[in-house]
Amino acid sequence: MTPNLLFIIGLFVSRLGDAFSMLAFLLLLGNQSQSAVWASLYLVGRYLPSIVIGFFFKNKLNLLPKKKALIYSYLGSAATLLLCIPFTHNRVLMILTAFGLGVFYGIYVPLQRAVIPDVFSKSEIRSANTIVQTTDVIAKTIGFALAGLLLNSYGIEKCLLLDALSFVLIAGLFSKIKISKIISPDEPLSINIPFKISKEGLAVFIIIGVTWLGTGAMFSLEALYAQYELKCSSTQIGVLFAVSNALILFTRPIINWIPRSSHLFFLELSCFMELSIIIAYSLSVTYTQAILCSIGYGFFLNIRQILGNIWIHETVSKSNHSAAFSYQQAVSNLFMITAMSTCGLVANGIGTRYAILTYSGVAMVMITTLMIYRTTRRLITT
């Protein structure tokens, strides 16, 4: 197999495993406690380490050999899952396991993105990022569907075992990628300049991240909104979730159509459109309107993810890609976990419709302000 194909297969298995473990832990903790508190603690454990790593240890990732770090983080995830299997009855240990998995997640996700230029040629970066996002979406969709079936048939413990084996498989796949750029020694520390963020770059990172304030609330409240506001059946709710990625195969021609000089403009436009459609979803009164909005916000979410990755690959020096992607993940996860951990309480007070509208509206105001700031700053400096 070619290195490109091995990488894509490895990424597919990685995202498949992430979906397996997430659903397994959420159902396990929810069923044991009959409370959303433990599920919320799991999400904190899963995402908080990546926030800490991205803000405080991002430059340490630049010093790691990417291939070895990826393999060891996959094997570490597998070991963590195997060690927790005998203790699935203990909720505290499950939360600690989530933190352990979160640490490895905070390492291998940014490294997976940073290693793309080592696997694909410079001319393939745009198409590679599109393929990676498409693979990510398809793997998660299949992963959640399979996890639901397997959990019902085989139970939590066997599903966690399968997830651990998937991490071992990923490590094996990446060990076969014999690319000199990946396995060559790291740059000497004397020329490895720490990643520093300009004010304009920080504005872009926050624009990308703050979009998750609205999208995170949408993810958390979409099912409740459809059930209570639109009076949808469980089948209709399932369709709503499924169609959000219906246009994923159309992202490649769109990305290829966008001129390189306009990547940043279309990145910001995608964030704006994503939030606009989420606001439209919160105002929808029919199932058809909700379906169209679900398709629309999912489309712009995928465009935004792809353009954000391309922006980093093309504007940040290669030696700092690991730190840049780690920082991007930290900012995005911070806004996402803020929305997901608080929107339920807000919805209890003002209703799901107004909660989604509030979070997406606040995010819209913030990114509009940042876009104006970034544009003004660019005009002044030129």
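The values are calculated or read from the model by the stated rules, or taken from the named source; none is laboratory data. Nothing here was measured: the structure is a model prediction, and the numbers come from that model. Ideal geometry is used to build each Cβ from the backbone, glycine not excepted, and the neighbour counts take in all protein chains shown. The accessibility values were calculated without ligands, DNA or RNA, using every heavy atom of the protein model including side chains. Shrake-Rupley method; radii C 1.70, N 1.55, O 1.52, S 1.80 Å.
Under a Cβ-Cβ cut-off of 12 Å, what is the net charge of the residues other than residue 283 that fall near it, where Lys and Arg count +1 and Asp and Glu count -1? After counting each charged neighbour, the total is 0. The stretch between residue 289 and residue 89 holds 67.7 nm of extra length on full extension. This uses 0.36 nm per residue minus the Cα-Cα distance.
So, in nm, how far is label residue 154 from label residue 202 when the simple model puts each one 7 Å beyond its Cα toward the Cβ? Distance between the two pseudo-spin positions: 4.8 nm. For the stretch 40-45, 3J(HN,Hα) computed residue by residue from phi via the Karplus equation (6.51, -1.76, 1.60; θ = phi - 60°) reads 5, 5, 4, 4, 4, x Hz, glycine and proline entered as x.
Ordered from highest to lowest accessible area with the whole protein assembly present and a 1.4 Å probe, 161, 83, 357 read as 83, 161, 357.
Other residues lying with their Cβ under 15 Å from the Cβ of residue 40 contribute a combined charge of +2, Lys and Arg counting +1, Asp and Glu -1. Couplings 3J(HN,Hα) for the stretch 288-294, derived from phi with the Karplus relation 6.51 cos²θ - 1.76 cosθ + 1.60 (θ = phi - 60°), are 4, 4, 5, 4, 4, 5, 4 Hz, where x marks Gly and Pro.
Counting only protein heavy atoms and a 1.4 Å probe, tell me what percentage of the chain's accessible area is made up of carbon and sulfur. Mind showing how you got there, number by number?
Working: 11720 of 16840 Å².
In the chain, the share of accessible area belonging to carbon and sulfur is 70 percent.
With a cut-off of 14 Å between beta carbons, the residues surrounding residue 248 carry a summed charge of +3, where Lys and Arg count +1 and Asp and Glu -1.
Would you kindly state the longest site-free stretch of the chain, with sites defined as trypsin sites (Lys or Arg not before Pro) in a DSSP loop (not H, G, I, E, B) surrounded by at most 15 other Cβ atoms within 10 Å? Before the final figure, lay out each step's value.
On the way: sites that count: 176, 178, 196, 231.
No qualifying site falls inside 1-175, the longest such stretch.
For the stretch 346-353, 3J(HN,Hα) computed residue by residue from phi via the Karplus equation (6.51, -1.76, 1.60; θ = phi - 60°) reads 5, 5, 4, x, 10, x, 5, 4 Hz, glycine and proline entered as x.
How large is the dipole of the chain about the Cα centre if only Lys and Arg carry +1 and Asp and Glu carry -1, each at its Cβ, rounded to the nearest 20 debye?
Details: 27 positive and 14 negative charges, 154 e Å.
Value, rounded to 20: 740 debye.
Only helices enter the 222 nm calculation for the chain: every DSSP H run of n ≥ 4 contributes -39,500 (n - 2.57), and dividing by all residues gives -28000 deg cm²/dmol, rounded to 500.
For residue 368 and residue 63 in the same chain, what is the full-extension length gain: residue separation times 0.36 nm, less their Cα-Cα distance, in nm?
Numbers: separation 305, 0.36 × 305 = 109.80 nm, distance 3.58 nm.
Difference between extended and current length: 106.2 nm.
How large is the accessible surface per residue of the chain, computed with a 1.4 Å probe and reported in Å² as a whole number?
Result: 44 Å² per residue.
Look at the alpha carbon pairs under 8 Å that are at least 6 residues apart: their mean separation over the length of the chain gives a relative contact order of 28 percent.
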